[in-house]
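The values are calculated or read from the model by the stated rules, or taken from the named source; none is laboratory data. From a predicted model like this one, the values you see are computed outputs, not experimental measurements. Please note: Cβ atoms are built from the backbone with ideal geometry, for glycine as well, and neighbour counts cover all protein chains shown.
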Amino acid sequence: MKEIHHWIDGKEVKGTSGRFADVYNPATGEVQAKLALATKAELDAAVDSAAKAQIAWGSTNPQKRARVMMKFVDLLNRDMDKLAEALSSEHGKTFPDAKGDVQRGLEVIEFCIGAPHLLKGEYTDSAGTGIDMYSMRQPLGVVAGITPFNFPAMIPLWKMGPALAAGNAMILKPSERDPSVPMMLAKLLQEAGLPNGILQVVNGDKESVDAILDSPVIQAVGFVGSTPIAQYIYERAAATGKRAQCFGGAKNHMIIMPDADLDQAADALVGAGYGAAGERCMAISVAVPVGEKTADALIEKLVPRIEKLKVGPWTAGDDVDYGPVVTKAAKENIHRLVQSGVDQGAELVVDGRDFSLQGYEDGFFVGPHLFDRVTPDMDIYKTEIFGPVLSTIRAGNYEEAIGLAMNHEYGNGTAIFTRDGDAARDFANRINIGMVGINVPIPVPLAYHTFGGWKKSGFGDLNQHGPDAFRFYTRTKTVTARWPSGIKEGGEFNFKAMD
Ligand code: NAD
């Protein structure tokens, strides 16, 4: 059986804990690898050697660090298919989706090539008589990234790109579910010229996460995952004075106004609700049609589209719409929540409960589900299901629709479909949610903007990627300097004044 260990000081290092996690092939349900889980002592040793390596890297000129990123982009493009294959086989997502996962991470590395510009400080000439003042952005030292299973290339790249380009060393603790791609990224970075020790990949579970949180050396933690863990990490990181940004779960609403193009809205809902088996933090999981007529027409358009979805393994070709969910536990949790929806009175319009795929009976496939007449008190509305389940909640008018999205505890993404510029503008201005789409169902900001949710979808300050990432991974030092001047007012040099 293949074993996956750690990447420390520029080489693969065997774990010593004797503890392992199973890595599955979600399409077949088989264990395909064993992942070593680090001890606190292993984590601490990786941090110590990262701290030593960071001293030289932090004072390397930013242009040289940017050149490593430039080369890294070339290597990511060269190995795109290899990375996507490894990603699909452990995560289960389709091959085009896996390439998209790498691509959206790669775009942030491209952005990081601009590090010299992004790290420039500020300067005030003659802040007082003979006094100048300047601010510089310096790296924090050793920082940590703790990442989820659903984007095993993109999110580690979002973390490591800005952190390393800004001159930090990083301890990356990827998800236990799909650890191969982060290990491959570390090797590619070495090939791109990253000095050993600057990126350490420590595989592990709660033990290594807690060791990160309690480490007195680690200065900042960038986390992405579920909300309870995001909140836990935020609080425990703060207890040791770390800077923390912790992004959590989501329940993204899409409002469909009576004037919307309903074919466009239905197509968008199917892609955003069921793509990647609903395992996206920006997936739309709640459709909010405004008015009974809109709701009836929307459901009528959605049902045949959903029934046509092709569910299968990534190896079955690029026309597969979505693959299995990540684990058996995830599949069981989705089925449990679907049952709760039925028990609590929602109307299950498309029922995927009996879905099975010939030849893949032990795989973690879940059929598509569509609920209508969901109400805010139901568990399927309150909970992040993270599966191919779309809930429809009918709103009487626009105010009721926007109120639903605003009163939900999550605030990651949202969308409105309408032809009315006034409604769209009001929605974008008033909504208390971090990322907003207008006739765009998954409004993921590009690399040079920033990504982050509000409310229970994000704890801490500053967003991921874009200029915010460079602010998060640096701290500002401001210098006030006075030099005794020999220049007299009017410009004549007075040597005596220099004595
Ligand atoms: P998760 O919270 O289970 O795991 C995330 C990370 O935390 C992993 O590295 C894991 O090892 C670690 N972890 C898990 N349990 C822990 C514990 N008890 N103590 C310490 N560390 C622990 O999340 P997941 O299932 O891997 O990912 C899916 C979740 O991530 C969803 O909720 C999704 O919405 C969210 N997500 C959010 C964003 C965003 O930007 N807001 C992006 C992607 C995914």
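Of everything in the range 253-273, what is closer than 18 Å to P304 by Cα and within 16 Å of the ligand (Cβ to nearest atom)? Give them in sequence order.
Within the range 253-273, A272, G273 meet the criteria.
Quick check on my filter: what residues within the range 185-210 are within 14 Å of the ligand (Cβ to nearest atom) and either in contact with a helix residue (DSSP H, G or I) (Cβ under 9 Å, 6 or more places away or on another chain) or assigned to a helix (DSSP H, G or I) (or both)?
Passing the criteria: V201, V202, N203, G204, K206, E207, S208, V209, D210.
What pairs can you find where one residue is in the range 224-241 and over 18 Å from F149 (Cα atoms), the other is among the charged types (D, E, K, R) and more than 9 Å from the ligand (Cβ to nearest atom), and their Cβ atoms are less than 7 Å apart, with a gap of 6+ or different chains?
Listed by first residue and then by second, the contacts come to T240/D214.
Just name the residue that is farthest from the ligand (Cβ to nearest atom) out of those in the range 226-248 that are assigned to a loop (DSSP other than H, G, I, E, B) and crowded, with 22+ Cβ neighbours inside 10 Å.
The selected residue is K242.
Which members of the range 479-490 meet the condition of being under 17 Å from I131 (Cα atoms) and either of a type outside the set (D, E) or modelled with pLDDT of 70 or more (or both)?
Selection gives V479, T480, A481, R482, W483, P484, S485, G486, I487, K488.
Quick check on the range 365-384. Is at least one of its residues free of Cβ contacts under 8 Å to residues at least 24 places away in the same chain, assigned by TED's automatic domain parsing to the domain that holds W314 and within 30 Å of Q32 (Cα to Cα)?
no
Can you find a residue in the range 95-114 that is buried (at least 24 other Cβ atoms within 10 Å of the Cβ), among the small types (G, A, S) and not in a strand (DSSP E or B)?
Looking for residues that are buried (at least 24 other Cβ atoms within 10 Å of the Cβ), among the small types (G, A, S) and not in a strand (DSSP E or B), one finds at least one in the range 95-114, hence yes.
Please tell me if N412 is within 26 Å of Q103 (Cβ to Cβ), out of contact with any His (no Cβ under 8 Å at 6 or more places or on another chain), more than 16 Å from the ligand (Cβ to nearest atom) and of a type in the set (S, T, N, Q).
no
I'd like to know if the range 465-478 contains one or more residues that are closer than 30 Å to I299 by Cβ, surrounded by 13 or more Cβ atoms within 10 Å (Cβ to Cβ) and modelled with pLDDT of 95 or more.
No; the residues of the range 465-478 include none that is closer than 30 Å to I299 by Cβ, surrounded by 13 or more Cβ atoms within 10 Å (Cβ to Cβ) and modelled with pLDDT of 95 or more.
Can you pull out every residue in the range 130-184 that is out of contact with any Leu (no Cβ under 6 Å at 6 or more places or on another chain), in a strand (DSSP E or B) and small (G, A, S)?
S135, A144, A169, listed by residue number.
Is it the case that some residue within the range 308-329 is more than 26 Å from the chain's Cα centre (by Cα), in a helix (DSSP H, G or I) and either surrounded by fewer than 20 Cβ atoms within 10 Å (Cβ to Cβ) or touching a residue at least 12 places away in the same chain (Cβ under 8 Å) (or both)?
Yes - at least one qualifying residue is present in the range 308-329.
Find all pairs meeting these conditions: Cβ atoms under 9 angstrom apart; at least six residues apart or on different chains; first residue within the range 259-280 and farther than 22 Å from T94 by Cα and without any contact (Cβ under 8 Å) to a residue 40 or more places away in the chain; second residue polar (S, T, N, Q) and more than 16 Å from the ligand (Cβ to nearest atom).
Going by the 9 Å Cβ cut-off, the qualifying pairs are L262/T294.
If you take the residues in the range 260-293 that are charged (D, E, K, R) and assigned to a helix (DSSP H, G or I), which one is nearest to R394 (Cα to Cα)?
Among residues in the range 260-293 that are charged (D, E, K, R) and assigned to a helix (DSSP H, G or I), the one nearest to R394 (Cα to Cα) is E292.
Filter the range 139-173 for residues that are within 15 Å of the ligand (Cβ to nearest atom) and polar (S, T, N, Q) and give the result.
T147, N150
Test V217 against the stated conditions and say whether it is surrounded by fewer than 23 Cβ atoms within 10 Å (Cβ to Cβ) and of a type in the set (V, I, T).
So V217 fits the description; yes.
Residues of the range 16-42 being among the aliphatic types (A, V, I, L, M), assigned to a strand (DSSP E or B) and surrounded by fewer than 18 Cβ atoms within 10 Å (Cβ to Cβ), which ones?
V31, the sole residue that qualifies.
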